[in-house]
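Below is one structure; the comments refer to it alone.
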C-alpha cells in the first residue's frame, strides 16, 4: 500500500515515535529497547536508535551494555524475520505489503535483485544504513539466503551502527544529539558506499 494513499499513516507513525521515546524515562527502558530492536527487524516501523539515544544520554557509562542489548535483540529479530520469510511468507505477505511502511512489491523485487548480485553486502548494507532492514531479513528467508550469512552480516552491520551511536554520545555528550539526528544516517551510508568501492577497487587491482 502506498503511504500517500493513506494520509492518516504519518500521524500513526508520529504517535508510535512519541510512545517509543517515552520508555526512556521509565525503569523498563532497557527491556523496551530489546523488544523494540527485535520487532523493528521484522515489522515495527520505528528504528531502535530512537530509544537507544536517550538511554545512552541517561546512562553514558553503560553505553556498551545498551548498544550490546540493542544489537543482540536486533539480530535475533532478523532471524525471526528470516523464519517468517522462509516458512510463513505465503500466509503473512499481505499484511506486510498492506500495512508495513516501505514494504512494497517494487522494493521487494529490488531486494531480490540485490541478493542475487551481492549476497552478504546486501545484508550488511541494510543492517548498517537507513535501508529498511526488515525487508532484507524477511526476503532472506523467502529467497532461502543462508541464515549464517544473515546473522554474520547483521552482527557486523547492526553492531557497527548501534555501537557507533552509543560511543559518539559517550565521548561527546549532549552536543552529539543534533549531529546524530541530522547527519548520522548520511555518514554511515557514505561509509558503506566507500567500503564497497574499496573492495571493488582491490578486486580489480589484484586482477
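Residues are listed down the side, and each one gets a yes or a no for (1) under 15 Å from the mean Cα position of the chain (by Cα); (2) closer than 23 Å to residue 68 by Cβ; (3) touching a residue at least 12 places away in the same chain (Cβ under 8 Å); (4) not in a helix (DSSP H, G or I):
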{"site": "124", "(1), (2), (3), (4)": "yes, yes, yes, no"}
{"site": "135", "(1), (2), (3), (4)": "yes, no, yes, no"}
{"site": "149", "(1), (2), (3), (4)": "no, yes, yes, no"}
{"site": "152", "(1), (2), (3), (4)": "yes, yes, yes, no"}
{"site": "159", "(1), (2), (3), (4)": "yes, yes, yes, no"}
{"site": "162", "(1), (2), (3), (4)": "yes, yes, yes, no"}
{"site": "165", "(1), (2), (3), (4)": "yes, yes, yes, no"}
{"site": "169", "(1), (2), (3), (4)": "no, yes, yes, no"}
Notebook entry, point to check: Of all residues in region 45-56, how many are assigned to a loop (DSSP other than H, G, I, E, B) and surrounded by 24 or more Cβ atoms within 10 Å (Cβ to Cβ)?
Noted result: 1
Note to self: Could you tell me how many of the residues in region 57-74 are under 14 Å from the mean Cα position of the chain (by Cα) and part of a loop (DSSP other than H, G, I, E, B)?
What the structure shows: 0
Item checked: Single residue of 176, 139, 166 found to be modelled with pLDDT of 75 or more and over 30 Å from residue 57 (Cα atoms) -> 139
Check: How many residues are at pLDDT 80 or above and outside any helix (DSSP H, G or I) if we restrict to region 2-44?
Finding: 7
Item checked: Single condition residue 114 does not satisfy, out of (1) in a helix (DSSP H, G or I); (2) in contact with a helix residue (DSSP H, G or I) (Cβ under 7 Å, 6 or more places away or on another chain); (3) at pLDDT 90 or above -> (3)
Next item on the list: Could you run through region 92-113 and say how many residues are free of Cβ contacts under 8 Å to residues at least 12 places away in the same chain and within 17 Å of residue 144 (Cα to Cα)?
Entry: 5
Checklist line | Filter pass, residue 96 being modelled with pLDDT under 90 and outside any helix (DSSP H, G or I) | finding: no
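The values are calculated or read from the model by the stated rules, or taken from the named source; none is laboratory data. Predicted, not measured: the structure shown is a model, and the values here were computed from it. We place every Cβ from the backbone using ideal geometry, glycine too, and count neighbours over all the protein chains shown.
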